[in-house]
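Asks: The following block contains the structure, expressed as structure tokens.
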Amino acid sequence: AQKITQTQPGMFVQEKEAVTLDCTYDTSDQSYGLFWYKQPSSGEMIFLIYQGSYDEQNATEGRYSLNFQKARKSANLVISASQLGDSAMYFCAMREGRADDKIIFGKGTRLHILP
Amino acid sequence: NAGVTQTPKFQVLKTGQSMTLQCAQDMNHNSMYWYRQDPGMGLRLIYYSASEGTTDKGEVPNGYNVSRLNKREFSLRLESAAPSQTSVYFCASSVLYTSSQETQYFGPGTRLLVL
């Protein structure tokens, strides 16, 4: 069974609108971490934001926020005021258990920002 | 700081040839990872290392071996390359600063073509 599910293969959004990229996860561990990454067409992987399972507040980093709904096992990425440069692949990832345990990825969502 | 470096950037192999992908990080991180990225598959974990001297299998370890040479270096070896191993390979390292802050850094990737 997939541990990380990203149900939107692709999305088209008008510039300056807010964007929500969906991510659901599956784990029985109480301790885990959730990550979001951006991969532009140039291919590099860029870390965006992290949420620990014990954090009660949603993580925020500039225009990025993580909408963490623990009971629903959901960790959606919200990008406010989208820009053309936000066009990229976005990956959700999870680390289960110990802080030094493996980090596994979803299949990604391709985001297109329209001018 | 150079962050995470990988060599080579690009490699062409013939079926049955062997090669080692090199990865090094200068951030004093304990955890290191090897992923492969194929179109439509996201990133799949091959092997990871929680600390110097330890390695563990990820999601797709068959056909690969790894060595955690020291804290800085984590190499990936293909003993007998197959066309199915054509992919982009990413090395990464991670650090847990606090329970609310964990980050994973990626190298630029190695494009491998097996003919």
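Asks: Expressed in whole Å with the largest first, what are the equivalent ellipsoid semi-axes of the protein assembly as shown derived from the C-alpha gyration tensor as the square root of 5 times each eigenvalue?
Replies: On the way: eigenvalues 169, 88, 49 Å².
After diagonalising the Cα gyration tensor, the semi-axes are 29, 21, 16 Å.
Asks: Kindly work out what percent of the DSSP beta bridges joining two residues of chain A are antiparallel, to the nearest 5. Could the numbers behind the result be given before it?
Replies: On the way: 34 of 39 bridges.
That works out to approximately 85 percent antiparallel.
Asks: In Å and whole numbers, how far do the C-alpha atoms of chain B stretch along each principal axis, longest first?
Replies: 45, 30, 26
Asks: Something else: If I model a spin label as a point 7 Å beyond the Cα along the Cα-Cβ vector, how far apart are those points for B:THR5 and A:GLN30 in nm?
Replies: Label at B:THR5, label at A:GLN30, 4.4 nm between them.
Asks: Tell me, what is the FRET efficiency for B:GLN17 and B:SER67 to the nearest 0.05, using R0 = 25 angstrom and their Cβ-Cβ distance as r? Don't skip to the answer; put the middle values down first.
Replies: On the way: r = 19 Å, r/R0 = 0.75.
Efficiency for this residue pair is about 0.85.
Asks: OK, next. According to a simple spin-label model (label point 7 Å from Cα along Cα-to-Cβ), what is the distance in nm between B:GLU79 and A:SER42?
Replies: 3.9 nm
Asks: Scattering from the C-alpha atoms of the stretch A:1-83 alone, worked out with Debye: what is log10 I(q)/I(0) at q = 0.22, 0.25, 0.26 1/Å?
Replies: Those come out to -1.18, -1.41, -1.47, one per q.
A short reminder: the numbers here are calculations on the coordinates, not readings from a lab. Fair warning: this is a prediction, and the values are worked out from it, not measured in the lab. Neighbour counts are summed over all protein chains in view; Cβ atoms, including those assigned to glycine, are modelled from backbone coordinates with ideal geometry.
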